[in-house]
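**Q** The structure is given below, and queries will be raised subsequently.
The values are calculated or read from the model by the stated rules, or taken from the named source; none is laboratory data. None of the values given here were measured: they were computed from a predicted structure. Cβ atoms come from the backbone with ideal geometry, glycine included; neighbour counts cover every protein chain shown. Note: accessible area is taken over every heavy atom of the protein model, side chains too, but ligands, DNA and RNA are not part of it. Shrake-Rupley method; radii C 1.70, N 1.55, O 1.52, S 1.80 Å.
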Amino acid sequence: MATLRFLGACGTVTGSKYLLEAGSRRILIDCGVFQGSSELKEKNWSTPPFDARSVDAVVLTHAHIDHTGYLPRLARAGFSRPVYATRPTAGLLQYLLPDAAHLHEEDARYANQKGYSRHRPALPFFDANDAAGALRLLQPIDFHQRTEIAPGLAFTFLRAGHILGAAFISFEVDSRRIVFSGDVGQKDVPILKDPETPDTADHLLLESTYGDRLHPEGSPREKIGRAVAETVARHGVVLIPAFAVGRAQDVLYHLGSLQRDGTLPPDLPIYLDSPMAVSASDLYTSTLSEHDLETEQLENRGVAPIEGPSVHLIRDRADSIALNGRGGPMVIVSASGMLTGGRILHHLKHRLPDPETTLLFVGFQAAGTLGRRILEGAHEVRIHGELVPVRADVREIPALSAHADQHGLVEWIGSLSTPPRAVYLVHGEPSARDALAAVIRSKPGWTVVLPEEGEAIELE
Ligand SMILES: [Zn+2]
């Protein structure tokens, strides 16, 4: 008998955490934080309904903070057992967790200065020590290597695409197989190998981020090419807000390929202005075993697919500020992807009033973010307390997504030789989850469950 507790990502896309209890063993699959609205974020502070010291292991699908950002809190609460992750995921976490700690410490400092927090004094959600404590527990495991946690309890990581190192997890509990999809990527995208597919599952947890959407037809590469070429022609600046891990590297890859085929000038300066994105790019470049054939072929020809010859990597703040003094044409890729913070805000303050500028969105803009407000046509926005007019050309390329769409998800589960006893839909807003549920239920023999947060389900 095994029980699965759904502790997050039910009716929302963040906070992934699932507690698998089998006999006397307790395994946590993913250990993420809630992100987005203040109500969601407030949930991170409540104590989880289990004793951290009673957990035997954590197994991670991938490095994104909404799947890993609770680890430092777990370590602080006394958890001291292994955290299993693929090698690239473990590599990314070496940057991501300390960076998150730094941001939490800054937030707390700022809240204390301004006195706006309900907590007096405001404390960081976790600090650098907690992050280091979590990193010490990491145990890197290769893809496809079956790892036994206890007798009758084993797991295997298989490739999920999505971002570097992302896995779906096939768990064996006695004679049953439970598959956790993690975040499923798209096929035929640059850099990373395609997602693999599960062949059997008695129980399947499936993400549903884009469960109600189909990615638009047409290549995102061409759309990027058109937007950048038009801006270059008027000597303007292209600002691309991008998530530091995954999206920034995809964008650089596309720009490099557009330079090689002559769509864009080979000497067009491209600045990657985000210390986290620079570290992530280095890791992407050095993790050869994860690259797809196209990337491999470029490398064999001596071409750098991500950090091309006209790409400038910017870590220092002073170098970032110096970009304000430069004219176009040039491209600046910077974080954060939804304009919720980071260096991109300084560039926006400086460049949004200029009609020569193109602001090119390449990722999902959640409700309530500055990115969403600009995308919805705001003529004026407030950045760091200052009113900034929006005169730049604002464009969006929606097909460039790290998630499979409804077709992709249905195709992914179509590889199963027989329907599982149940598909549990997680990691999706209610409308996305309902739409995907309807499509899967229309397949003969398939059962879909929409778990509620906090619910415990017996896996027969
Ligand atoms: Zn993810």
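**Q** Give the residue, chosen from Phe157, Phe143, that is within 16 Å of the ligand (Cβ to nearest atom) and of a type in the set (A, V, I, L, M, F, W, C).
**A** Matching residue, one of Phe157, Phe143: Phe157.
**Q** Which condition number in (1) charged (D, E, K, R); (2) under 16 Å from Leu19 (Cα atoms); (3) out of contact with any Gly (no Cβ under 6 Å at 6 or more places or on another chain) is the one that Arg76 fails?
**A** (2)
**Q** Scan the range 410-423 and tell me whether some residue there is modelled with pLDDT of 95 or more, within 16 Å of the ligand (Cβ to nearest atom) and open to solvent by less than 40 Å² (accessible area, probe 1.4 Å).
**A** Checked against the condition, which is being modelled with pLDDT of 95 or more, within 16 Å of the ligand (Cβ to nearest atom) and open to solvent by less than 40 Å² (accessible area, probe 1.4 Å), the range 410-423 yields at least one hit.
**Q** Taking only the range 350-399 into account, find how many residues are outside any loop (DSSP other than H, G, I, E, B), among the charged types (D, E, K, R) and in contact (Cβ under 8 Å) with a residue 60 or more places away in the chain.
**A** 3
**Q** Another question, if that's okay. Regarding Ala233, is this residue open to solvent by 30 Å² or more (accessible area, probe 1.4 Å) and among the small types (Gly, Ala, Ser)?
**A** yes
**Q** Got a sec? Which of Val33, Val55 is buried (at least 19 other Cβ atoms within 10 Å of the Cβ), over 18 Å from Ser170 (Cα atoms), away from the ligand (no atom under 16 Å from the Cβ) and not assigned by TED's automatic domain parsing to the domain that holds Gly368?
**A** Val55
**Q** Given the condition in contact with a strand residue (DSSP E or B) (Cβ under 7 Å, 6 or more places away or on another chain) and at pLDDT below 95, answer yes or no: does some residue in the range 384-396 qualify?
**A** Yes.
**Q** Filter the range 59-78 for residues that are in a loop (DSSP other than H, G, I, E, B) and crowded, with 24+ Cβ neighbours inside 10 Å; which is nearest to the chain's Cα centre (by Cα)?
**A** Step by step, filter the range 59-78, then rank; the result is His64.
**Q** Okay, moving on. Say whether the condition of being open to solvent by 10 Å² or more (accessible area, probe 1.4 Å), of a type outside the set (Lys, Arg) and under 30 Å from Trp446 (Cβ atoms) is met by at least one residue in the range 133-143.
**A** Yes: one or more hits.
**Q** Here's a follow-up. Test Arg351 against the stated conditions and say whether it is open to solvent by less than 30 Å² (accessible area, probe 1.4 Å), modelled with pLDDT of 95 or more, within 18 Å of Val228 (Cβ to Cβ) and basic (Lys, Arg).
**A** yes
**Q** Would you say Ala227 is touching a residue at least 60 places away in the same chain (Cβ under 8 Å), more than 16 Å from the ligand (Cβ to nearest atom), surrounded by 17 or more Cβ atoms within 10 Å (Cβ to Cβ) and not β-branched (Val, Ile, Thr)?
**A** For Ala227, the condition - touching a residue at least 60 places away in the same chain (Cβ under 8 Å), more than 16 Å from the ligand (Cβ to nearest atom), surrounded by 17 or more Cβ atoms within 10 Å (Cβ to Cβ) and not β-branched (Val, Ile, Thr) - is met.
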